[in-house]
1. On a straight-distance basis, which lysines could pair with Lys301 in a cross-link, Cα separation under 17 angstrom, same-chain partners fewer than 8 positions away excluded?
2. Under 18 Å Cα-Cα from Lys198, which lysines qualify once same-chain neighbours fewer than 8 residues away are excluded?
3. In units of 2.2 N^0.38 Å, what is the alpha-carbon radius of gyration of the chain?
4. List nothing, just return the count: lysine pairs in segment 2-95, 8 or more apart or interchain, with Cα separation under 24 Å.
5. Whenever you get a sec, line up Val164, Val138 from highest to lowest accessible area (probe 1.4 Å, protein heavy atoms).
6. Compare the Cα positions of Thr141, Cys83, Tyr60 along the charge dipole of segment 28-161 (+1 at Cβ of Lys, Arg; -1 at Cβ of Asp, Glu; about the Cα centre) and return the one farthest towards the positive end.
7. Could you let me know the centre-to-centre spacing of segment 77-141 and segment 235-281, using Cα atoms, in angstrom?
8. Are there trypsin sites (Lys or Arg not before Pro) in segment 49-109 that DSSP puts in a loop and that have at most 10 other Cβ atoms within 10 Å, and which ones?
Amino acid sequence: MFLKVDIKSVCIEENALKICEIKTPLNIEICDLIGCRLCEEPPSFLSSLFGSSPYLSIRYISKGENYRWTAETVQVTGSKEECGALENRINDKIGQEKNRPKKLGVFINPIGGNQSSLSIYSSVISPLFKEANISCDVLVTERSKHMIDLANSFDTTSVDGLVVMGGDGTLLEVFNTLLTRVQKEANLDYDQPTCKLKPLEIPIGIIPTGTGNGVAKGLYGNIDVVTAALHIIRGRTRYNNVQALYTGGKLASFSSVIVAVGLFSEMMFHTERQRWMKKARYVFVPLHLLLFKKQRLFNAKLTIYHKNRNSLDGAEPTEWEDAVQLEGKRLWGVVSFSGDHTQAGDGEGNYVAMLRNGPQNSDFSLLVYSEAGRLPFLNHFFQLITLSKSAFEKDFLSAYTVHGYKVKIINDDEALDPNSEEAEISRILDVDGELVTFEDGEYEVWNHLQVLKFYTSI
Ligand SMILES: Nc1ncnc2c1ncn2[C@@H]1O[C@H](COP(=O)(O)OP(=O)(O)OP(=O)(O)O)[C@@H](O)[C@H]1O
(Lines give C-alpha, C1' and ligand atoms only; values in the text may rest on other atoms or scores of the structure.)
Protein backbone atom coordinates (compact mmCIF):
# COMPACT_ATOMS: atom_id res chain seq x y z
CA MET A 1 0.00 0.00 0.00
CA PHE A 2 1.25 3.49 -0.84
CA LEU A 3 -0.24 6.47 0.95
CA LYS A 4 0.45 10.17 0.40
CA VAL A 5 -0.48 12.51 3.30
CA ASP A 6 0.18 16.03 4.50
CA ILE A 7 2.46 16.37 7.51
CA LYS A 8 -0.39 17.93 9.51
CA SER A 9 -2.20 14.59 9.60
CA VAL A 10 0.78 12.81 11.22
CA CYS A 11 1.42 12.69 14.95
CA ILE A 12 3.74 10.64 17.14
CA GLU A 13 2.56 9.33 20.47
CA GLU A 14 4.37 7.29 23.11
CA ASN A 15 3.97 3.93 21.37
CA ALA A 16 2.53 4.71 17.96
CA LEU A 17 2.65 6.85 14.88
CA LYS A 18 -0.85 8.03 13.97
CA ILE A 19 -2.04 9.18 10.59
CA CYS A 20 -5.44 10.87 10.65
CA GLU A 21 -7.54 12.81 8.17
CA ILE A 22 -7.59 9.87 5.79
CA LYS A 23 -10.43 7.45 5.02
CA THR A 24 -9.10 4.73 7.31
CA PRO A 25 -6.83 6.31 9.95
CA LEU A 26 -3.58 4.41 10.50
CA ASN A 27 -2.15 3.52 13.89
CA ILE A 28 1.36 2.14 13.40
CA GLU A 29 3.09 0.81 16.51
CA ILE A 30 6.66 2.10 16.88
CA CYS A 31 7.96 -1.48 16.86
CA ASP A 32 6.37 -1.88 13.41
CA LEU A 33 8.21 1.06 11.87
CA ILE A 34 11.01 -0.04 9.56
CA GLY A 35 12.64 3.36 8.99
CA CYS A 36 12.17 6.74 7.41
CA ARG A 37 14.18 9.10 5.27
CA LEU A 38 13.93 12.56 3.82
CA CYS A 39 13.73 12.64 0.04
CA GLU A 40 13.45 15.27 -2.63
CA GLU A 41 11.46 15.03 -5.84
CA PRO A 42 13.84 14.62 -8.76
CA PRO A 43 14.66 17.99 -10.40
CA SER A 44 12.12 19.06 -13.01
CA PHE A 45 11.24 22.21 -14.95
CA LEU A 46 8.67 23.20 -12.27
CA SER A 47 11.06 22.55 -9.39
CA SER A 48 13.68 24.76 -11.06
CA LEU A 49 11.08 27.56 -11.06
CA PHE A 50 9.44 27.03 -7.64
CA GLY A 51 12.02 24.97 -5.73
CA SER A 52 11.93 21.19 -5.16
CA SER A 53 9.38 19.69 -2.77
CA PRO A 54 10.81 17.47 -0.07
CA TYR A 55 8.88 14.58 1.43
CA LEU A 56 9.40 12.03 4.15
CA SER A 57 9.16 8.38 3.17
CA ILE A 58 8.06 6.27 6.15
CA ARG A 59 8.25 2.50 5.80
CA TYR A 60 6.29 0.25 8.15
CA ILE A 61 5.24 -3.38 8.64
CA SER A 62 1.70 -4.37 7.71
CA LYS A 63 0.44 -7.75 8.97
CA GLY A 64 -1.85 -9.64 6.61
CA GLU A 65 -3.53 -13.02 6.60
CA ASN A 66 -1.70 -16.32 7.05
CA TYR A 67 1.08 -14.59 9.01
CA ARG A 68 2.19 -12.76 5.84
CA TRP A 69 3.85 -9.42 6.51
CA THR A 70 4.60 -6.71 3.95
CA ALA A 71 6.60 -3.47 3.93
CA GLU A 72 4.37 -0.47 3.14
CA THR A 73 5.06 3.23 2.53
CA VAL A 74 3.56 6.50 3.73
CA GLN A 75 4.82 9.56 1.86
CA VAL A 76 4.51 12.66 4.03
CA THR A 77 4.69 16.09 2.38
CA GLY A 78 5.56 19.35 4.14
CA SER A 79 8.28 21.92 4.37
CA LYS A 80 11.89 20.72 4.51
CA GLU A 81 12.16 21.82 8.17
CA GLU A 82 8.93 20.10 9.22
CA CYS A 83 9.85 16.88 7.42
CA GLY A 84 13.39 16.97 8.86
CA ALA A 85 12.04 17.44 12.40
CA LEU A 86 9.56 14.57 11.99
CA GLU A 87 12.32 12.36 10.57
CA ASN A 88 14.46 13.00 13.68
CA ARG A 89 11.59 12.26 16.06
CA ILE A 90 10.71 9.01 14.28
CA ASN A 91 14.33 7.88 14.18
CA ASP A 92 14.70 8.69 17.89
CA LYS A 93 11.68 6.52 18.63
CA ILE A 94 12.99 3.66 16.49
CA GLY A 95 16.37 4.03 18.22
CA GLN A 96 14.67 3.32 21.56
CA GLU A 97 13.67 -0.14 20.29
CA LYS A 98 16.52 -1.90 22.07
CA ASN A 99 15.98 -5.37 20.57
CA ARG A 100 16.61 -4.27 17.01
CA PRO A 101 19.80 -5.45 15.36
CA LYS A 102 22.14 -2.76 14.04
CA LYS A 103 24.62 -5.10 12.47
CA LEU A 104 24.06 -8.62 11.14
CA GLY A 105 26.25 -11.43 9.85
CA VAL A 106 24.53 -12.81 6.74
CA PHE A 107 25.42 -16.37 5.69
CA ILE A 108 24.26 -17.23 2.16
CA ASN A 109 24.02 -20.63 0.50
CA PRO A 110 23.74 -19.64 -3.19
CA ILE A 111 22.76 -23.13 -4.40
CA GLY A 112 19.88 -23.93 -1.99
CA GLY A 113 16.35 -24.35 -3.34
CA ASN A 114 15.94 -22.49 -6.63
CA GLN A 115 19.49 -21.14 -6.40
CA SER A 116 18.10 -17.64 -6.04
CA SER A 117 19.53 -16.61 -2.63
CA LEU A 118 21.99 -14.09 -4.05
CA SER A 119 19.47 -12.31 -6.25
CA ILE A 120 16.88 -12.31 -3.41
CA TYR A 121 19.50 -10.83 -1.10
CA SER A 122 20.45 -7.98 -3.44
CA SER A 123 16.95 -7.17 -4.71
CA VAL A 124 14.80 -7.70 -1.59
CA ILE A 125 16.66 -8.29 1.66
CA SER A 126 19.57 -5.85 1.43
CA PRO A 127 17.30 -2.86 0.52
CA LEU A 128 14.99 -3.67 3.47
CA PHE A 129 17.91 -3.93 5.90
CA LYS A 130 19.28 -0.61 4.55
CA GLU A 131 15.91 1.09 5.15
CA ALA A 132 16.09 -0.24 8.73
CA ASN A 133 19.63 1.13 9.12
CA ILE A 134 21.09 -2.34 9.54
CA SER A 135 24.58 -2.95 8.19
CA CYS A 136 25.64 -6.43 7.11
CA ASP A 137 28.75 -8.61 6.90
CA VAL A 138 27.92 -10.97 4.04
CA LEU A 139 29.50 -14.42 3.64
CA VAL A 140 28.72 -16.67 0.67
CA THR A 141 29.58 -20.38 0.46
CA GLU A 142 31.65 -21.66 -2.44
CA ARG A 143 31.34 -25.39 -1.89
CA SER A 144 29.51 -28.03 0.10
CA LYS A 145 30.21 -27.82 3.89
CA HIS A 146 31.95 -24.46 3.40
CA MET A 147 29.35 -22.94 5.75
CA ILE A 148 30.89 -24.88 8.64
CA ASP A 149 34.27 -23.13 8.07
CA LEU A 150 32.61 -19.74 7.58
CA ALA A 151 30.60 -20.07 10.79
CA ASN A 152 33.58 -21.39 12.73
CA SER A 153 35.85 -18.51 11.86
CA PHE A 154 33.16 -15.84 12.25
CA ASP A 155 33.49 -13.48 15.22
CA THR A 156 29.93 -13.50 16.53
CA THR A 157 30.74 -10.69 18.98
CA SER A 158 31.14 -8.29 16.02
CA VAL A 159 27.39 -8.41 15.19
CA ASP A 160 24.02 -8.32 16.97
CA GLY A 161 22.61 -11.32 15.16
CA LEU A 162 23.01 -13.80 12.33
CA VAL A 163 20.92 -14.34 9.23
CA VAL A 164 20.97 -17.61 7.33
CA MET A 165 19.83 -17.62 3.70
CA GLY A 166 19.18 -21.19 2.61
CA GLY A 167 17.17 -24.16 3.81
CA ASP A 168 17.16 -26.25 6.96
CA GLY A 169 20.47 -27.88 5.93
CA THR A 170 22.29 -24.55 5.82
CA LEU A 171 20.80 -23.49 9.13
CA LEU A 172 21.91 -26.81 10.63
CA GLU A 173 25.51 -26.27 9.49
CA VAL A 174 25.57 -22.82 11.12
CA PHE A 175 24.05 -23.66 14.48
CA ASN A 176 25.72 -27.09 14.77
CA THR A 177 29.05 -25.31 14.50
CA LEU A 178 28.25 -22.43 16.85
CA LEU A 179 26.28 -24.36 19.48
CA THR A 180 29.03 -26.98 19.73
CA ARG A 181 31.63 -24.20 20.03
CA VAL A 182 29.70 -22.71 22.98
CA GLN A 183 29.72 -26.07 24.79
CA LYS A 184 33.47 -26.49 24.17
CA GLU A 185 34.21 -22.99 25.45
CA ALA A 186 32.12 -23.67 28.56
CA ASN A 187 34.08 -26.90 29.06
CA LEU A 188 30.89 -28.96 29.27
CA ASP A 189 30.73 -32.73 28.89
CA TYR A 190 28.40 -32.29 25.93
CA ASP A 191 28.82 -35.87 24.66
CA GLN A 192 26.60 -36.93 27.58
CA PRO A 193 22.91 -36.75 26.60
CA THR A 194 21.91 -35.56 30.08
CA CYS A 195 24.45 -32.69 30.11
CA LYS A 196 22.61 -29.37 30.49
CA LEU A 197 23.74 -27.37 27.47
CA LYS A 198 24.62 -23.69 27.44
CA PRO A 199 22.39 -21.71 25.06
CA LEU A 200 23.77 -19.99 21.98
CA GLU A 201 23.05 -16.38 22.90
CA ILE A 202 23.35 -14.76 19.49
CA PRO A 203 19.95 -14.59 17.76
CA ILE A 204 19.50 -16.26 14.37
CA GLY A 205 17.06 -15.29 11.65
CA ILE A 206 16.31 -17.38 8.58
CA ILE A 207 15.50 -16.13 5.11
CA PRO A 208 13.93 -19.29 3.67
CA THR A 209 15.53 -19.85 0.28
CA GLY A 210 16.05 -23.62 0.53
CA THR A 211 13.86 -26.53 -0.45
CA GLY A 212 13.03 -27.72 3.03
CA ASN A 213 12.27 -24.62 5.12
CA GLY A 214 10.64 -26.23 8.14
CA VAL A 215 12.19 -23.98 10.80
CA ALA A 216 11.18 -20.78 8.98
CA LYS A 217 7.60 -22.07 8.72
CA GLY A 218 7.51 -22.57 12.46
CA LEU A 219 9.06 -19.18 13.23
CA TYR A 220 7.20 -17.00 10.73
CA GLY A 221 4.14 -19.06 9.78
CA ASN A 222 5.12 -19.19 6.11
CA ILE A 223 8.18 -19.18 3.87
CA ASP A 224 7.84 -15.67 2.50
CA VAL A 225 11.27 -13.99 2.42
CA VAL A 226 9.90 -10.47 3.12
CA THR A 227 7.97 -11.69 6.18
CA ALA A 228 11.16 -13.32 7.47
CA ALA A 229 13.26 -10.18 6.92
CA LEU A 230 10.67 -8.04 8.73
CA HIS A 231 10.73 -10.36 11.76
CA ILE A 232 14.51 -9.93 11.84
CA ILE A 233 14.26 -6.13 11.58
CA ARG A 234 11.73 -6.03 14.45
CA GLY A 235 14.31 -7.85 16.56
CA ARG A 236 12.07 -9.79 18.94
CA THR A 237 13.49 -13.22 19.84
CA ARG A 238 12.47 -16.55 21.31
CA TYR A 239 14.47 -19.55 22.52
CA ASN A 240 13.70 -22.87 20.82
CA ASN A 241 14.54 -26.44 21.77
CA VAL A 242 16.82 -28.68 19.73
CA GLN A 243 17.15 -32.41 19.38
CA ALA A 244 20.66 -33.78 19.85
CA LEU A 245 21.82 -36.99 18.19
CA TYR A 246 24.36 -39.22 19.94
CA THR A 247 26.12 -42.23 18.45
CA GLY A 248 29.33 -44.09 19.35
CA GLY A 249 29.30 -42.33 22.74
CA LYS A 250 29.53 -38.87 21.15
CA LEU A 251 27.32 -35.99 20.14
CA ALA A 252 27.02 -36.36 16.35
CA SER A 253 24.69 -33.52 15.44
CA PHE A 254 21.98 -31.19 16.62
CA SER A 255 18.70 -30.95 14.75
CA SER A 256 15.94 -28.38 14.64
CA VAL A 257 13.56 -30.27 12.34
CA ILE A 258 13.84 -34.02 11.92
CA VAL A 259 15.97 -37.06 12.77
CA ALA A 260 14.91 -40.11 10.79
CA VAL A 261 16.04 -43.64 9.99
CA GLY A 262 14.55 -46.11 7.51
CA LEU A 263 12.28 -44.88 4.77
CA PHE A 264 12.98 -41.16 5.23
CA SER A 265 16.77 -41.52 5.31
CA GLU A 266 16.58 -43.81 2.26
CA MET A 267 14.54 -41.12 0.49
CA MET A 268 17.11 -38.47 1.42
CA PHE A 269 19.98 -40.71 0.27
CA HIS A 270 18.47 -41.06 -3.22
CA THR A 271 17.34 -37.43 -3.31
CA GLU A 272 20.95 -36.31 -2.73
CA ARG A 273 22.05 -38.40 -5.74
CA GLN A 274 19.56 -36.67 -8.03
CA ARG A 275 20.64 -33.08 -7.32
CA TRP A 276 20.61 -32.35 -11.05
CA MET A 277 16.79 -32.46 -10.90
CA LYS A 278 16.86 -29.46 -8.52
CA LYS A 279 13.59 -29.08 -6.55
CA ALA A 280 11.79 -31.68 -8.70
CA ARG A 281 13.83 -34.41 -7.03
CA TYR A 282 11.82 -33.94 -3.82
CA VAL A 283 8.70 -35.03 -5.69
CA PHE A 284 10.16 -37.57 -8.11
CA VAL A 285 12.37 -39.56 -5.69
CA PRO A 286 9.77 -40.13 -2.92
CA LEU A 287 7.11 -41.07 -5.48
CA HIS A 288 9.47 -43.47 -7.26
CA LEU A 289 10.53 -45.11 -3.97
CA LEU A 290 7.04 -45.36 -2.57
CA LEU A 291 5.37 -46.61 -5.72
CA PHE A 292 7.97 -48.89 -7.27
CA LYS A 293 10.55 -50.02 -4.69
CA LYS A 294 10.22 -52.81 -2.17
CA GLN A 295 9.81 -51.64 1.43
CA ARG A 296 13.02 -52.14 3.41
CA LEU A 297 11.75 -53.36 6.78
CA PHE A 298 14.06 -53.81 9.75
CA ASN A 299 14.02 -55.04 13.32
CA ALA A 300 14.96 -52.62 16.04
CA LYS A 301 14.92 -52.27 19.75
CA LEU A 302 13.40 -48.91 20.54
CA THR A 303 13.59 -47.41 24.02
CA ILE A 304 11.58 -44.33 24.80
CA TYR A 305 12.45 -41.97 27.64
CA HIS A 306 9.97 -39.75 29.37
CA LYS A 307 10.67 -37.19 32.03
CA ASN A 308 10.99 -38.77 35.43
CA ARG A 309 7.52 -38.43 36.87
CA ASN A 310 8.95 -38.15 40.38
CA SER A 311 10.89 -35.00 39.58
CA LEU A 312 9.61 -31.80 41.16
CA ASP A 313 7.41 -29.71 38.94
CA GLY A 314 9.48 -27.23 36.97
CA ALA A 315 12.78 -28.72 38.17
CA GLU A 316 15.11 -30.13 35.54
CA PRO A 317 14.86 -33.92 35.97
CA THR A 318 18.07 -35.77 36.58
CA GLU A 319 16.84 -39.29 35.98
CA TRP A 320 14.86 -40.85 33.19
CA GLU A 321 12.34 -43.61 32.96
CA ASP A 322 12.34 -46.41 30.49
CA ALA A 323 8.76 -46.17 29.42
CA VAL A 324 8.32 -48.31 26.34
CA GLN A 325 10.39 -50.93 24.63
CA LEU A 326 9.37 -52.11 21.20
CA GLU A 327 11.16 -55.17 19.98
CA GLY A 328 10.59 -57.83 17.39
CA LYS A 329 8.29 -55.60 15.32
CA ARG A 330 9.17 -55.14 11.65
CA LEU A 331 9.66 -51.41 11.25
CA TRP A 332 9.78 -49.22 8.15
CA GLY A 333 11.03 -46.06 9.79
CA VAL A 334 11.58 -44.17 13.02
CA VAL A 335 11.22 -40.39 12.80
CA SER A 336 11.38 -37.67 15.43
CA PHE A 337 10.66 -34.04 14.82
CA SER A 338 11.00 -30.93 16.92
CA GLY A 339 7.70 -29.77 18.33
CA ASP A 340 4.63 -31.55 19.50
CA HIS A 341 2.42 -33.28 16.91
CA THR A 342 -0.57 -33.16 19.24
CA GLN A 343 -0.73 -29.43 18.36
CA ALA A 344 -1.49 -30.35 14.75
CA GLY A 345 -4.86 -29.26 13.45
CA ASP A 346 -5.68 -28.37 9.91
CA GLY A 347 -3.62 -25.92 7.92
CA GLU A 348 -0.15 -24.46 7.59
CA GLY A 349 -0.29 -22.30 10.72
CA ASN A 350 0.12 -25.42 12.83
CA TYR A 351 3.85 -25.28 12.34
CA VAL A 352 3.70 -22.14 14.43
CA ALA A 353 1.64 -23.79 17.17
CA MET A 354 3.92 -26.82 17.17
CA LEU A 355 7.11 -24.84 17.67
CA ARG A 356 5.66 -22.01 19.76
CA ASN A 357 4.53 -24.40 22.46
CA GLY A 358 7.73 -26.38 22.24
CA PRO A 359 10.03 -24.35 24.50
CA GLN A 360 7.74 -24.72 27.52
CA ASN A 361 7.29 -28.38 26.81
CA SER A 362 10.25 -30.68 27.22
CA ASP A 363 8.81 -33.32 24.90
CA PHE A 364 8.92 -33.76 21.15
CA SER A 365 7.23 -36.09 18.69
CA LEU A 366 8.33 -39.58 17.74
CA LEU A 367 6.69 -41.56 14.93
CA VAL A 368 7.28 -45.28 14.49
CA TYR A 369 6.23 -46.74 11.14
CA SER A 370 5.53 -50.39 10.47
CA GLU A 371 4.78 -51.90 7.06
CA ALA A 372 2.16 -49.86 5.20
CA GLY A 373 0.21 -50.04 1.95
CA ARG A 374 1.62 -47.73 -0.75
CA LEU A 375 -1.47 -45.60 -1.23
CA PRO A 376 -2.33 -45.24 2.48
CA PHE A 377 1.28 -44.20 3.06
CA LEU A 378 1.23 -41.65 0.22
CA ASN A 379 -1.96 -40.21 1.67
CA HIS A 380 -0.24 -40.00 5.07
CA PHE A 381 2.86 -38.40 3.54
CA PHE A 382 0.91 -35.49 2.05
CA GLN A 383 -1.14 -35.07 5.24
CA LEU A 384 2.12 -34.93 7.17
CA ILE A 385 3.52 -32.17 4.96
CA THR A 386 0.51 -29.99 5.76
CA LEU A 387 0.55 -31.17 9.39
CA SER A 388 -3.00 -32.35 9.33
CA LYS A 389 -4.11 -34.09 12.55
CA SER A 390 -5.36 -37.14 10.64
CA ALA A 391 -1.77 -37.82 9.48
CA PHE A 392 -1.06 -39.22 12.94
CA GLU A 393 -4.08 -41.49 13.15
CA LYS A 394 -2.96 -44.44 10.99
CA ASP A 395 -2.83 -48.09 11.91
CA PHE A 396 0.74 -48.42 10.55
CA LEU A 397 1.94 -45.55 12.74
CA SER A 398 2.54 -45.21 16.47
CA ALA A 399 2.98 -41.62 17.61
CA TYR A 400 4.53 -40.68 20.97
CA THR A 401 5.60 -37.52 22.72
CA VAL A 402 8.99 -38.23 24.28
CA HIS A 403 11.93 -36.53 25.95
CA GLY A 404 14.45 -38.89 24.40
CA TYR A 405 14.72 -42.26 22.68
CA LYS A 406 17.25 -44.88 21.67
CA VAL A 407 17.23 -47.02 18.55
CA LYS A 408 19.24 -50.23 18.19
CA ILE A 409 18.93 -51.73 14.74
CA ILE A 410 18.93 -55.51 14.91
CA ASN A 411 20.40 -56.49 11.59
CA ASP A 412 19.06 -59.84 10.49
CA ASP A 413 20.69 -59.60 7.07
CA GLU A 414 24.21 -60.82 7.85
CA ALA A 415 24.82 -61.54 4.15
CA LEU A 416 24.71 -57.83 3.27
CA ASP A 417 27.94 -56.71 1.56
CA PRO A 418 29.24 -53.89 3.83
CA ASN A 419 30.33 -51.93 0.75
CA SER A 420 26.97 -52.16 -0.98
CA GLU A 421 24.55 -49.26 -1.37
CA GLU A 422 22.05 -51.21 0.76
CA ALA A 423 24.54 -51.37 3.63
CA GLU A 424 25.38 -47.68 3.24
CA ILE A 425 21.69 -46.76 3.43
CA SER A 426 21.24 -48.89 6.55
CA ARG A 427 23.90 -46.81 8.35
CA ILE A 428 22.57 -43.32 7.66
CA LEU A 429 20.18 -40.93 9.28
CA ASP A 430 18.37 -37.99 7.76
CA VAL A 431 19.10 -35.02 10.03
CA ASP A 432 17.30 -31.88 8.79
CA GLY A 433 17.80 -33.06 5.19
CA GLU A 434 21.52 -33.85 5.67
CA LEU A 435 22.95 -37.38 5.81
CA VAL A 436 24.67 -38.44 9.05
CA THR A 437 26.23 -41.89 9.61
CA PHE A 438 25.53 -43.67 12.90
CA GLU A 439 27.82 -46.23 14.51
CA ASP A 440 27.24 -49.86 15.48
CA GLY A 441 23.59 -49.69 14.45
CA GLU A 442 22.74 -47.60 17.49
CA TYR A 443 21.87 -43.99 18.25
CA GLU A 444 20.03 -41.84 20.79
CA VAL A 445 18.16 -38.58 20.42
CA TRP A 446 17.48 -36.21 23.34
CA ASN A 447 15.70 -32.92 23.60
CA HIS A 448 17.56 -29.86 24.91
CA LEU A 449 15.46 -27.00 26.12
CA GLN A 450 15.74 -23.40 24.95
CA VAL A 451 19.26 -23.45 23.58
CA LEU A 452 18.77 -21.63 20.26
CA LYS A 453 17.58 -18.04 20.07
CA PHE A 454 15.66 -17.11 16.91
CA TYR A 455 14.34 -13.82 15.62
CA THR A 456 10.56 -14.12 15.66
CA SER A 457 7.65 -12.03 16.86
CA ILE A 458 5.02 -14.80 16.92
N1 LIG B 1 28.25 -23.25 -2.59
C2 LIG B 1 27.84 -24.49 -2.37
N3 LIG B 1 28.08 -25.47 -3.28
C4 LIG B 1 27.65 -26.74 -3.07
N5 LIG B 1 26.95 -27.15 -1.97
C6 LIG B 1 26.68 -26.21 -1.03
C7 LIG B 1 27.12 -24.85 -1.18
N8 LIG B 1 26.69 -24.16 -0.09
C9 LIG B 1 26.05 -25.03 0.71
N10 LIG B 1 26.03 -26.27 0.15
C11 LIG B 1 25.38 -27.47 0.67
O12 LIG B 1 23.95 -27.30 0.58
C13 LIG B 1 23.31 -28.10 1.57
C14 LIG B 1 22.28 -27.32 2.31
O15 LIG B 1 21.28 -26.90 1.46
P16 LIG B 1 19.92 -26.36 2.14
O17 LIG B 1 19.32 -27.43 2.95
O18 LIG B 1 20.16 -25.09 2.80
O19 LIG B 1 19.07 -26.02 0.89
P20 LIG B 1 18.06 -27.00 0.25
O21 LIG B 1 17.69 -26.54 -1.11
O22 LIG B 1 16.91 -27.21 1.21
O23 LIG B 1 19.00 -28.17 0.30
P24 LIG B 1 19.16 -29.37 -0.52
O25 LIG B 1 19.44 -28.83 -1.88
O26 LIG B 1 20.33 -30.00 0.19
O27 LIG B 1 17.89 -30.08 -0.35
C28 LIG B 1 24.40 -28.53 2.53
O29 LIG B 1 24.69 -29.89 2.29
C30 LIG B 1 25.59 -27.67 2.14
O31 LIG B 1 26.84 -28.27 2.45
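The values are calculated or read from the model by the stated rules, or taken from the named source; none is laboratory data. For clarity, every value in this text was computed on a predicted model and none was experimentally measured. No Cβ is skipped: glycine too gets one built from the backbone with ideal geometry, and neighbour counts run over all protein chains shown. Surface accessibility is based on the protein's heavy atoms, side chains included, excluding ligands, DNA and RNA. Shrake-Rupley method; radii C 1.70, N 1.55, O 1.52, S 1.80 Å.
1. Result set, ordered by chain and number: Lys329, Lys406, Lys408.
2. Filter leaves Lys184, Lys250, Lys453.
3. Numbers: Rg = 25.3 Å, N = 458, 2.2 N^0.38 = 22.6 Å.
Normalised Rg, Cα atoms only: 1.12.
4. Lysine pairs meeting both conditions in segment 2-95 amount to 15.
5. Working: Val164 0, Val138 70 Å².
Largest accessible area first, the residues go Val138, Val164.
6. The one lying farthest along the dipole's positive direction is Thr141.
7. 31
8. Numbers: sites: Arg59, Lys63, Arg68, Lys80, Arg89, Lys93, Lys98, Lys102, Lys103; in loops: Arg68, Lys98, Lys102.
Answer by residue number: Lys98.
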